[in-house]
Amino acid sequence: MISAQQIARLAKRRSCPRCSLEKTEGAALCRRCRFKLPAHMRLPLQEIATRDEGVVTGALRAAANYFEIHYKSIRFFGGGRVR
Ligand SMILES: [Zn+2]
């Protein structure tokens with residue numbers, strides 16, 4: 001489970017934790033990463049500071065699983081850590 005503090009820190013980060021590209025403040029992942037996800041998974045990764053920790057934790061886990069299954073090769077090139 002991710003703490004509210006960790007979520008606030010993630011929201012403020014200027015780079016995407018997955019691909020290290022610039023990301024929007026408030027979102028968990030950058031626009032590019034988010035747009036690779038289905039819409040229902042994308043929404044809870046935006047405005048994360050306003051959401052429940054459980055929701056953000058679940059959304060990040062779901063996104064990590066999705067990337068793991070669909071975009072395995074990106075991990076080699078992006079060097080982004082999923083967890
Ligand atoms: Zn990204």
Name the long-range amide H neighbours of residue 21: under 5 Å, sequence gap of 5 or more, or other chain; modelled H, no Pro or chain starts.
16
Report, in degrees rounded to the nearest 10, the 0 to 90 angle that the Cα long axis of helix 53-70 makes with the longest principal axis of the chain.
0
Exposure-ranked with fewest Cβ neighbours within 10 Å first, 50, 24 stand as 50, 24
Just the Cα atoms of the chain, one point each, no solvent: what log10 I(q)/I(0) does Debye give at q = 0.11 Å⁻¹?
-0.24
Sum of -39500 (n - 2.57) over DSSP H runs of 4+, divided by residues of the chain (222 nm, nearest 500):
-13000 deg cm²/dmol
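Rule-based calculations on the coordinates, nothing more; no lab input. Since this is a predicted model, take the numbers as computed values, not measurements. Cβ atoms come from the backbone with ideal geometry, glycine included; neighbour counts cover every protein chain shown.
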